[in-house]
Amino acid sequence: MQADRQCTLELEALPSRIQQIRRIVAAQLRYWHLDPLLDTALLGITELLANVHRHAVADKHCSVQLTVVSGRLTVSVLDSDPQLPEVRAPEPLATCGRGLTMVAALSDSWGAEPVAGGGKRVWFSLHVEAPAPAPRKRPASRRITVVAAA
């Protein structure tokens, strides 16, 4: 079982910062040896931060928290806007509105909840696969010389 780990990043949800946070999160997940979760985690973070950028009233400041506990990576985005997101069925030709549906489909679980003092936390979690056991080291090869009896 992996040890509990946590990382928190503060940012303004602006397009240039979102790309920067993606790079930092990718480096952190690699450091934690969670490479198989990279694509899904980065897609989810991008969607949640895009929602802050698009929907948060006035203040675009937010926090991204990465937590690994009991074989589960949880990615949370906290912002000061109290409006909880809603998953809606978008119109067939709509160019937006599918982000949370995608996060829900790609993650093991997700949710949104109010935060004490105002604001909200939107999160998703991914199962952390147990690392493959390290291959056993083979004993150093020995050279055996067979001498024929005379």
Seminar exercise, completed: Every listed condition ((1) open to solvent by less than 80 Å² (accessible area, probe 1.4 Å); (2) on the phi > 0 side of the Ramachandran plot) holds for residue 18 save (2)
Problem set entry | Residues (under 21 Å from residue 110 (Cβ atoms) and polar (S, T, N, Q)) located in the range 3-53 | 6, 8, 28, 40, 46, 51
Problem set entry | Members of the range 23-55 that are open to solvent by 70 Å² or more (accessible area, probe 1.4 Å) and assigned to a helix (DSSP H, G or I) | 23, 24, 30, 31, 35, 36, 39, 53, 54, 55
Seminar exercise, completed: Within the range 1-51, residues over 13 Å from residue 65 (Cα atoms), among the polar types (S, T, N, Q) and within 13 Å of the chain's Cα centre (by Cα) come out as 40, 46
Exercise. Among the listed residues 150, 104, 112, 132, which satisfies the condition of being at pLDDT below 85 and within 30 Å of residue 76 (Cβ to Cβ)?
Worked result: 132
For this session: Could you name every one of the strands (runs of 3 or more DSSP E) located completely within the range 56-121 that has at least 2 residues being open to solvent by less than 60 Å² (accessible area, probe 1.4 Å) and of a type in the set (Ser, Thr, Tyr)?
Result: 61-69, 72-79
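The values are calculated or read from the model by the stated rules, or taken from the named source; none is laboratory data. Quantities reported herein were computed from a predicted structural model and do not represent experimental measurements. No Cβ is skipped: glycine too gets one built from the backbone with ideal geometry, and neighbour counts run over all protein chains shown. Note: accessible area is taken over every heavy atom of the protein model, side chains too, but ligands, DNA and RNA are not part of it. Shrake-Rupley method; radii C 1.70, N 1.55, O 1.52, S 1.80 Å.
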